[in-house]
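Trainee: There's a structure below that I have some questions on.
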Amino acid sequence: MEALRDVLGTSAPQSVRKLARQLRLNKYTVWRWRFLVFSIIGSGGAASFSGIVEADETYQRESRKGSREWVRHFADPQNVSPPPRPRWEDFTTQGLKMMRGLSRWQLPILTVADRGGARLFQRLPDRKSATLERAMKPLVPGDAVLCSDGGNGYLVLAARAGIAHFVVGSKPGTRVTAGCYHIQDVNSLHARYDRFIKPFCGPATKNLNGYIRWLEVRLSGMPHAEVIRAS
């Protein structure tokens, strides 16, 4: 039980290999325990927001760790087509030009928070404005005040629902509107997400929801024993 608590991480999260060395366990055992934890904490409950609600997106690079797509292609190139993008390592080893800015390989993670401490991370399937609007619609009550950047999804949502909306910028002098409307709490959550996800060196996209929920549990301050008993 004590080792299972350690898989959740009592301080900074660690990769499976480092945690296995620390616990003197096989890395595959730690890996299975990690996904047991993911199944216990599940997808979480629906967050309830009120008052001033901040929203913005952060992005996670797409990863196909463990998919063996390129292995199958190299083994049988005549019958197995190459995956839709080069391996990330090929951009350095083969001198390929790295894609600049956002692309379809950068996965959006919607982040929402209010001043009462409610928070939510939600991976979105794409960057379309309609997708963002659909995700935000059930989260923001009609009497709330929405703070966001000028993304079309937020603008359309506020206009259709009649929600008070303050658009803030990223440049100095535009980050706070009317003295109290900003998205600095959400930006702080993005920084914490970056620190949390870094030790895992880009987790496989198929497992990303589990890592996101793990971060939410850590931020909620839920005791590890309580998480384990939830099973």
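None of the figures in this text is laboratory data; all of them are computed from the coordinates on show. Please read these numbers as outputs of a predicted model, since none were measured by experiment. Note that we place each Cβ from the backbone using ideal geometry, even for glycine, and neighbour counts take in every protein chain shown.
Trainee: Extending each Cα 7 Å along its Cβ direction at Phe35 and Gln78, get the distance between those two points in nm, one decimal.
Mentor: 3.4
Trainee: For the stretch 50-106, what is the Kirkwood hydrodynamic radius in Å, using each pair of distinct C-alpha atoms?
Mentor: Averaging 1/r across every pair of different Cα atoms and inverting gives 14.2 Å.
Trainee: OK, next. Take Ala118 and Lys137, extend 7 Å from each Cα along the Cα→Cβ direction, and tell me the distance between the two endpoints in nm.
Mentor: 1.8
Trainee: To the nearest 20 debye, what charge dipole does the stretch 176-221 have about its Cα centre, counting +1 at the Cβ of each Lys and Arg and -1 at the Cβ of each Asp and Glu?
Mentor: Dipole size: approximately 200 debye.
Trainee: Computed over the Cα atoms of the stretch 107-231, what is the convex hull's projected area averaged over all directions, in nm²?
Mentor: Result: 9.3 nm².
Trainee: Still on this structure: Nearest 500 deg cm²/dmol is fine: what mean residue ellipticity at 222 nm does the chain get from its DSSP H runs of n ≥ 4 alone, each adding -39,500 (n - 2.57), divided by its residue count?
Mentor: So the helix-based figure for the chain works out to -11500 deg cm²/dmol.
Trainee: Right, here's the next one. Taking springs between alpha-carbon atoms closer than 10 angstrom, which of Pro83, Pro108, Pro138 fluctuates most in the Gaussian network model of the chain?
Mentor: Answer for the Gaussian network model of the chain: Pro83.
Trainee: Between Ser50 and Ala164, what length comes free when the chain is fully extended (0.36 nm per residue of separation minus the Cα-Cα distance, one decimal in nm)?
Mentor: That works out to 39.8 nm of additional length.
Trainee: Simple spin-label model, 7 Å along Cα-to-Cβ: Ala130 to Arg21 in nm?
Mentor: Distance between the two pseudo-spin positions: 5.0 nm.
Trainee: With the cut-off at 24 Å, tell me which of the pairs Lys65/Lys198; Lys27/Lys206; Lys97/Lys171 have Cα atoms farther apart than that.
Mentor: In this structure, Lys97/Lys171 exceed 24 Å between Cα atoms.
Trainee: Semi-axes of the chain's equivalent ellipsoid from the Cα gyration tensor, sqrt of 5 times each eigenvalue, largest first, rounded to whole Å?
Mentor: Ellipsoid half-lengths, sorted descending, are 34, 26, 15 Å.
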